[in-house]
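The values are calculated or read from the model by the stated rules, or taken from the named source; none is laboratory data. Computed from a predicted model, the values in this text were never measured in an experiment. All Cβ positions, even for glycine, are placed from backbone atoms using ideal geometry, and neighbour counts span all protein chains on display. Surface accessibility is based on the protein's heavy atoms, side chains included, excluding ligands, DNA and RNA. Shrake-Rupley method; radii C 1.70, N 1.55, O 1.52, S 1.80 Å.
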Amino acid sequence: MGKTDILGLLPDELSDFLVSIGEPKYRGAQLYGWLMKGREFEEMTNLPRSLREKLSEHAELRLPKVEKKLVSAIDGTVKYLFKLIDGECVESVVMRYEHGISICISSEVGCPMGCVFCASTIGGKVRNLTASEMLGQIIVASRDIDERISNVVMMGIGEPLDNYDNTIRFLKLVNEEKGLNIGYRHISLSTCGVVPMIDRLREENLPITLSISLHAAEDEARSAIMPINRKYPLSELMTACRRYFDDSGRRISFEYTLIRGKNDSERDADTLIRLLKKYFTDKGKLVPLHVNLIPVNEVKGRDFSRSDKAAVEKFSGILNSKGVNATVRRRLGADINASCGQLRRESRS
């Protein structure tokens, strides 16, 4: 029998595990508190030594280790390269905003989706992350900065809906009142558009924010940069998004990476407006949604460059003038290359 991944257990499950190894149930609350602080077994000083020895024998902690840490001198953004229990690495980024501290976490080692502008997908997918490995990124980062993290963005390495079961368990773990207690409304999940899983997520009825990596508003253009579009074209994706909105009432965010000469023209802006209005208009009015404009992060070996400031402002202005709520993402950690995928890639070269 393998060891139990106890960081992936909810409080009642952890108490049941302790009973299964001959320990009293009440020890579960003590142990859970230590786990949420990112402590190793030998550091849990209010637990009997006999219990700590049993834990070493029957349980494992899949807490990531900080392999590399970069801190921005510009805005305090912190980028982590985390080493996992098997030696693989993922990245997380901690960002400071007026409303609190956010972390962008990874959901897979590598990514199978093949988006051509993204560093995370170079080399493909290695494996899924467990729910505990996702949770561990938050716990270790929070302990390292010695501050509470209040917001989570699932937009790091990997496609969360490709790792569906572990993603759902992670969401329940991070929301657990006795644990990190991060509210669902403070969690954003980003997907490139795995339509069946969007529908499945809708049925979970979790009030998280759904973010769609759109990046182009016509099938030919989107398929050229995002292979997922060949399987689930825009008509299917946008219909699934509308179902999600109708059932949840939650505003959807559409991420649109601006690539110079590829998708940043006035015509591209007008095409995006038509697409959104086609699927998200009720009684002549656009339902609540948001477009997050992201000047592309330039990746070594990929022939894409950032739209210049004037083009970004013009694109944003066109959307807002036509009633589409759009903002340009503030670039954090510019001096440490804070976008995900590049630090892991460097570590493997």
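Relative to the Cα centre, what is the charge dipole magnitude of the chain, using +1 at the beta carbon of each Lys and Arg, -1 at the beta carbon of each Asp and Glu, and rounding to the nearest 20 debye? It comes to approximately 700 debye.
Each label point was placed 7 Å from the Cα along the Cα-to-Cβ direction; for residue 281 and residue 127 their separation is 5.0 nm.
Relative to one another, the C-alpha centroids of the stretch 225-300 and the stretch 22-79 are positioned 41 Å apart. Computed across the stretch 179-253, the Kirkwood hydrodynamic radius from all distinct Cα-Cα pairs reaches 12.9 Å. Across the stretch 171-294, the mean sequence separation of Cα contacts (distance under 8 Å, 6 or more residues apart), normalised by length, yields a relative contact order of 25 percent.
Of the accessible area of the chain, computed with a 1.4 Å probe over protein heavy atoms only, carbon and sulfur atoms account for 47 percent. Taking every protein chain into account, the accessible area of the stretch 36-87 amounts to 53 square angstrom per residue (probe 1.4 Å). Charging the Cβ of each Asp and Glu at -1 and of each Lys and Arg at +1, and nothing else, the dipole of the stretch 94-240 about its Cα centre rounds to 160 debye. With the simple spin-label model, which puts each label point 7 Å out from Cα in the Cβ direction, the residue 322 to residue 148 separation comes to 4.3 nm.
In this Cβ point-charge picture (+1 for Lys and Arg, -1 for Asp and Glu), the stretch 1-132 has a dipole of about 240 debye about its Cα centre. With K and R counted +1 and D and E -1, the other residues having a Cβ less than 13 Å from that of residue 232 yield a net charge of -2. Only helical runs count toward this figure. For the chain, summing -39,500 (n - 2.57) over DSSP H runs of n ≥ 4 and dividing by all residues gives -11000 deg cm²/dmol at 222 nm.
Take the stretch 151-205, drop everything but the C-alpha atoms, weight them equally and run the Debye formula without solvent; then report log10 I(q)/I(0) at 0.20, 0.24, 0.25 Å⁻¹ to two decimals. One equal scatterer on each Cα of the stretch 151-205 leads to -0.73, -1.02, -1.09.
Distance between the 7 Å Cα→Cβ label points at residue 265 and residue 69: 4.8 nm. Debye-formula intensities of the stretch 82-203, expressed as log10 I(q)/I(0) at q = 0.17 Å⁻¹, are -0.85 (one equal scatterer per alpha-carbon, no solvent). Once the Cβ-Cβ distance of residue 219 and residue 309 is raised to the sixth power relative to R0 = 22 Å, the FRET efficiency obtained is 0.15. Take every DSSP beta bridge whose two residues both sit in the chain; close to 50 percent of them are antiparallel.
Rolling a 1.4 Å probe over the heavy atoms of the protein chains gives the stretch 157-284 an accessible area of 42 Å² per residue.
Note on the stretch 18-57: semi-axes of the ellipsoid equivalent to its C-alpha gyration tensor, largest first and rounded to whole Å, are 15, 12, 8.
Computed with the Debye formula from one identical point scatterer per Cα of the stretch 13-112, without solvent, the log10 of I(q)/I(0) at q = 0.19 Å⁻¹ comes to -0.98. In the chain the Cα-Cα distances spread across 20 Å bins starting at 0 as 30, 55, 14, 1 percent of all pairs. When each pair of different Cα atoms in the stretch 193-337 is counted once in the 1/r mean, what is the Kirkwood radius in angstroms, to one decimal? Across the stretch 193-337, the inverse of the average 1/r is 15.9 Å.
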